[in-house]
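Quick notes on the structure that follows.
The values are calculated or read from the model by the stated rules, or taken from the named source; none is laboratory data. What you see is a predicted model, and the numbers here were worked out from it, not measured in a lab. Note that each Cβ is placed from the backbone with ideal geometry, even for glycine, and that neighbours are counted across all protein chains shown.
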Amino acid sequence: MNDRPTRDFSLTAGWRRSLSSKMLSWFRQTARDLPWRRTRDLYAIWISEIMLQQTQVATVIAYWKRFMARFPTATALAAADEHEVLRLWEGLGYYRRARQLHAAARKIADQHEGQFPNDFDAVRSLPGIGRYTAGAILSIGLDQRLPILEANTIRVLSRLTGYRGDVRSAAGQRYLWSVAERTLPRQHCGAFNQALMELGSEICTPRAAACDRCPVVLLCEAHRNNLVEKIPRPAVQTKYEDVTEVAVIIRRGDRVVLRQCQPGERWAGLWDFPRFAADQPITNGELDRQIVSQTRKLVGLKVKVGQHLTTLKHGVTRFRITLHCYEAKLYTRSRQSAKLNVDSSARWVRSDALDKYALNTTGRKISRMLGEG
C-alpha cells in the first residue's frame, strides 16, 4: 500500500479553519460530562491522563474519584506508601503506571514545592510522562498550544488526511505529529485536542466508524476515497504464547502466605500467592514435586500438596496463562516449620485481612474464593 496520503494533502488554511470550527462546535454540544473535565487543576488532569492510558473511560471514572478523594494533591500522593497507591490502583492493570505516578509525585514535592509544573520541559522530565501526556495536561489545563498524538487521534488524523502508511513507523509518527501541530487552532487548543480524542473514541472508531454522525466527514479523505476501514493500516497481529502456571495457597489456621513480587518480576510491588511457571509436560506426580520444590525455593516452607482448588485463565501482554491453584499445608505443625525465609518477601496474613493488600487480578479472585470458603 502506498505510504503517502491519497492526494497531495496540503492542510490548507481554509481546511484547517473549517476543521477547528466544526470540531469545537461539535464538542461544545456533545462532550461527555467527565469529572476531570470540570477542573483546570493540572494534578487532577494528570491523574486522569495516566489512568486513561490503556483503559476505558467508563472504568476510569470510579478509580479517578477514589484516587482523588484519598490523594487530592501531589503532596498527599508523595507522602503515601507505595503499597497504598498500588491497592487503590488494583484492577486498572499496567501497574508500572502507578509506580511512576508515585515517583513523579515525589519529584513534584521535592523540586516544585508540591505544585504540578506548568512548563513543558519540566512536565516531560517527570517519570512516566511522554510528549503526548505532557501536551494533553498543559493544553487541557492551561490551553497551551501543544499537539497531542495517541491511539484515537492517530486514527482520526490518519483518516482525515488519507494517510495509508504505517502509523507506528518513525516516518508515520513524524507525519502525524506534524499534522497534529498544524491543525491546532490559535485558541481553545485544549478543547480541540479533547474533541479529536472524543471523536476517535465515540465516532471514528477502529471498526464500524459512524461516518453518518461525524461532524467533519466532508473534510475526510479516507471517507471520500472509501478507505475508512483500511486506514490506519492494521498492526501485525500479536503472537500469543501459552503458559501454564501454578499458585500455591498455603494455610495455617486462619492465615495464608502472601509473597510480594520483586523488581523485574511481573506485577512488581504487588502481593500474590506463591506462583511459578510449571515445567512441561505435567503429570500429577511431577506437578506435586514441582509444587513442593518451588514453594521451598520461593518462601522457604516445606509443604504437602492438598486439593486442586480452581483453574483460572487470563492474559498478560503476549502470554495466555492457565493458572492452576492448589492448596498446600505445612509438612509439620511446629512453629519452626512455619518460619518464612527472611529474604523471601513473604508473610503470613489473616484471611480476613487480604483486602488490605494490593493483589493482581487472579490473586484477588483467589482471595475472594478463600473468603467464601
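The single condition among (1) exposed (fewer than 15 other Cβ atoms within 10 Å of the Cβ); (2) of a type in the set (Gly, Ala, Ser); (3) under 22 Å from Gly135 (Cα atoms) that Ala104 does not meet is (1).
Pairs are defined by a Cβ separation below 8 Å, a sequence spacing of at least 6 or placement on different chains, a first member in segment 303-316 that is within 11 Å of Thr362 (Cα to Cα), and a second member that is of a type in the set (Ser, Thr, Tyr); the pairs so defined are Thr311/Thr322; Leu312/Thr322; Leu312/Thr362; Lys313/Thr322; His314/Thr361; His314/Thr362; Gly315/Tyr240.
Going through (1) in contact with a helix residue (DSSP H, G or I) (Cβ under 8 Å, 6 or more places away or on another chain); (2) part of a loop (DSSP other than H, G, I, E, B) one by one, Tyr94 falls short only on (1). Looking at Gln115, is it surrounded by fewer than 16 Cβ atoms within 10 Å (Cβ to Cβ), farther than 29 Å from Gln262 by Cα, touching a residue at least 24 places away in the same chain (Cβ under 8 Å) and of a type outside the set (A, V, I, L, M)? Taking the combined requirement at face value, the residue satisfies it. Quick one: is Gln262 surrounded by 14 or more Cβ atoms within 10 Å (Cβ to Cβ), among the polar types (S, T, N, Q), assigned by TED's automatic domain parsing to the domain that holds Leu330 and within 31 Å of the chain's Cα centre (by Cα)? Considered against the rule, which asks whether it is surrounded by 14 or more Cβ atoms within 10 Å (Cβ to Cβ), among the polar types (S, T, N, Q), assigned by TED's automatic domain parsing to the domain that holds Leu330 and within 31 Å of the chain's Cα centre (by Cα), Gln262 comes out as no.
Reported count of residues in segment 1-22, each being loosely packed, with under 11 Cβ neighbours inside 10 Å, among the charged types (D, E, K, R) and at pLDDT 90 or above, is 0.
If you check Arg207 against the conditions, is it at pLDDT 90 or above, assigned by TED's automatic domain parsing to the domain that holds Gln54 and under 31 Å from the mean Cα position of the chain (by Cα)? Yes; evaluated as a whole, the condition is true for this residue.
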